[in-house]
Amino acid sequence: MARPRPEPVQKVKQRRDAALKALVQGVPYIQFLGIEFDRRGDELTAVMPFDEKLIGNPILPALHGGATAAFLEVSAIIGLSWSMLWDQIESGAFDADALVDGKMPRLPKTIDFTVDYLRSGLPRDAYARARINRSGRRYASVHVEAWQDNHGRPFAQATGHFLMPVRDG
């Protein structure tokens, strides 16, 4: 019995990229902060390019704590949504065109979000990666770390708990 031919890798990459782009563009605040996502397989790294509007203390200068917290929370929500949609994206059942047409999937809702500011965020690009500790039908727990020049020296980290949206079917 012959196995079906796998999809060309380029087609799979295009589907993944289209889904991520549509998911990110569906949240206007992500564009306001300038956050982008670098995708490698199923792993996402959030990137917040430096912009003067992100400075909270011009004397140091340091990133605003609210911008840092928002960056961490956005990273957690998009990372959680990405993992929730991964099986649909991989099977080809996910319709990225529906996202572009404004039919966004429901995103997880924040129950609580605790940020630890470990050091001042410098006036340069910031990176963050979310790690899902638990993801069930109703609840998820996520840990996020943000760093700038050295992944081993995070400048902020957060833990969040999220109410998961009701899944179709």
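Annotations for the structure displayed:
- Taking each residue of region 67-90 that is touching a residue at least 12 places away in the same chain (Cβ under 8 Å) and looking for partners that are among the charged types (D, E, K, R) and in a helix (DSSP H, G or I) with beta-carbon atoms closer than 7 Å, six or more apart or interchain, yields Ile89/Arg15; Ile89/Arg16.
- Residue check for Ala19: at pLDDT 95 or above and surrounded by 16 or more Cβ atoms within 10 Å (Cβ to Cβ): no
- Residues (closer than 25 Å to Arg106 by Cα and either polar (S, T, N, Q) or outside any strand (DSSP E or B) (or both)) located in region 137-153: Arg137, Arg138, Ser141
- Look at (1) within 17 Å of the chain's Cα centre (by Cα); (2) surrounded by 12 or more Cβ atoms within 10 Å (Cβ to Cβ); (3) in a strand (DSSP E or B) and you find that Arg134 fails only one, number (2).
- Summed over region 49-66, residues that are in contact with a helix residue (DSSP H, G or I) (Cβ under 7 Å, 6 or more places away or on another chain), under 20 Å from Thr159 (Cα atoms) and surrounded by fewer than 17 Cβ atoms within 10 Å (Cβ to Cβ) total 1.
- Of all residues in region 111-131 being part of a loop (DSSP other than H, G, I, E, B) and hydrophobic (A, V, I, L, M, F, W, C), the one that is nearest to Ser83 (Cα to Cα): Leu118
Conditions tested, residue by residue: (1) in contact with a Ser or Thr (Cβ under 7 Å, 6 or more places away or on another chain); (2) of a type outside the set (A, V, I, L, M).
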position	(1), (2)
Ala2	no, no
Arg5	no, yes
Arg16	no, yes
Ile35	no, no
Ala46	yes, no
Pro49	no, yes
Glu52	no, yes
Gly56	no, yes
Pro61	no, yes
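Matching residues to (1) in contact with an Asp or Glu (Cβ under 7 Å, 6 or more places away or on another chain); (2) farther than 20 Å from Arg167 by Cα:
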site	(1), (2)
Phe50	yes, yes
Asn57	no, yes
Ala76	no, no
Gly79	no, no
Tyr117	no, yes
Gly136	no, no
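- Taken together, Ala69, Ala46, Ala76 contain a single residue that is surrounded by fewer than 18 Cβ atoms within 10 Å (Cβ to Cβ), closer than 21 Å to Thr114 by Cα and of a type in the set (A, V, I, L, M), which is Ala69.
- Hey, Gly92 on the phi > 0 side of the Ramachandran plot and surrounded by 14 or more Cβ atoms within 10 Å (Cβ to Cβ) or not: no
The values are calculated or read from the model by the stated rules, or taken from the named source; none is laboratory data. All values reported here derive from a predicted model rather than from experimental measurement. Cβ coordinates were reconstructed from backbone atoms using ideal geometry, including for glycine residues, and neighbour counts include every protein chain displayed.
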